[in-house]
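Encoded as structure tokens, the structure appears first; notes follow it.
The values are calculated or read from the model by the stated rules, or taken from the named source; none is laboratory data. Just so it is clear, the structure is predicted and the values come from calculations on it, not from any experiment. Here Cβ is always computed from backbone atoms with ideal geometry, including for glycine, and neighbour counts include all displayed protein chains. Side chains are part of the model used for accessible areas, which takes the heavy atoms of the whole protein and leaves out ligands, DNA and RNA. Shrake-Rupley method; radii C 1.70, N 1.55, O 1.52, S 1.80 Å.
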Amino acid sequence: MSMAQWVESYGHDWVLAVAGAGAGLMFGFMGQRSKFCLRAAVIEFWHRKFGEKLIVWLLAFSSAVIAVQAMILLGWLDTSSARQIASTGSLSGALVGGLIFGAGMILTRGCASRLLVLSANGNLRALLSGLIFAVAAQSALSGALSPLRLEISSWWLVEGGPSRDLLARLGVGHGFGLAMGGIWLLAALYFAWYSPKRSFWMWIGGIGTGLSVALAWGLTQWVATETFGEAQIQGVTFSGPSADWLMRVVKWPAPGLDFGFGLMPGVFLGSFLGAVLGREWKLEGFKDGYSMRRYIVGAIFMGFGSMLAGGCAVGAGVTGGSIFAITAWLSLVGMWIGAGLTDRLMDSTEHKPHQHPVNIDPGNGLRVP
């Protein structure tokens, strides 16, 4: 059965949901096996330890950029109607939101996509953080935090179209974008050459994670072509779909079916399968009250920051970055800076020398540490 027949039989909403589930399944499995995580990559970068986590992120990012730009050059993908390009954007929201999101992902020990992946592995800390992230994202979209988001977003706007396309603003074509992806791939290969750890899943999982982002663009383009533009092309992102899934649980009528409807459970299932295959599934909880408070604050930061920035570490950073949306690249820079500063601040506060309390042994009256 062709795509046109699928759309005619089941409607483009259901077909988009199935496409989202397929791309999500691949993303979840590859992300789990490779331990794909922007937070871990940022920490390695700022600590000048260019190891496996940074290599995985570079492999994923470069693979997404190369595959997406190649599809555009071959005429298989038209990103001019993508939300990250076509609609009015906010440069101030992208930068400030990126900084806030970056700080949040350090506090929660993972970005939005990583929280979903870890939740499927039995990590209850990630599950709670993910729920709070969804609540904060919905609040920033249309709740109590919405006025603050709108105020910050209004400081510096950019029109949709060529003004929001970084390649168009620079006066270069998609061949240049393809070359940029190649440069990031060479960087990954360079660090991998000197890394003592070069695992099979580092290569396959990192590249596969990036290709799942390109797959999402390609599948939604396919559906949009068969429906004569009724379906908008979309990519992998987690802030909007997380908020939509929250509203499906607490509100009726619920948001309709779309790509994100299938993406979230697809990622969860893919990660669960990856954890079972790798024998890594286990229940984990919070260690103490301090860490729980840190996770909650971080999740709120990420939820608000993602909506302000126009996407999460994957939605803005990789998905938007692969089509060279200027706001996505600005968000990504903000995330790297915000995460690096927060990590350094936490290092300075957690590693301060402190005096151990002195107790009195009730048995012999001696002072013991």
> Among residues other than residue 239 whose Cβ falls under 15 Å from its Cβ, what is the net charge (Lys/Arg +1, Asp/Glu -1)?
Replying inline: +1
> How far, in degrees from 0 to 90, does helix 124-142 lean away from the longest principal axis of the Cα atoms of the chain, to the nearest 10?
Replying inline: 50 degrees
> Angle between the Cα long axis of helix 12-34 and the longest principal axis of the chain, 0 to 90 degrees, nearest 10?
Replying inline: 40 degrees
>> Show me the ranking of peptides 309-315, 208-214 by mean Cβ neighbours inside 10 Å, starting with the highest.
In response: 309-315, 208-214
> By per-residue mean of other Cβ atoms within 10 Å, what is the highest-first order of 61-69, 149-157?
Replying inline: 61-69, 149-157
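State the percentage of accessible surface on segment 41-163 attributable to carbon and sulfur atoms; use a 1.4 Å probe and exclude ligands, DNA and RNA.
Using a 1.4 Å probe with all protein chains present, segment 41-163 comes out at 67 percent carbon and sulfur.
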> Of all accessible surface on segment 195-315 at a 1.4 Å probe, what whole percent is carbon and sulfur?
Replying inline: 67 percent
> Under unit Cβ charges (Lys, Arg +1; Asp, Glu -1), what dipole magnitude, rounded to 20 debye, does the chain have relative to its Cα centre?
Replying inline: 1200 debye
> Candidates (i) 22.5; (ii) 21.3; (iii) 18.7; which is the computed mean projected area of the Cα convex hull in nm²?
Replying inline: (i)
> Under 19 Å Cα-Cα from residue 282, which lysines qualify once same-chain neighbours fewer than 8 residues away are excluded?
Replying inline: 35
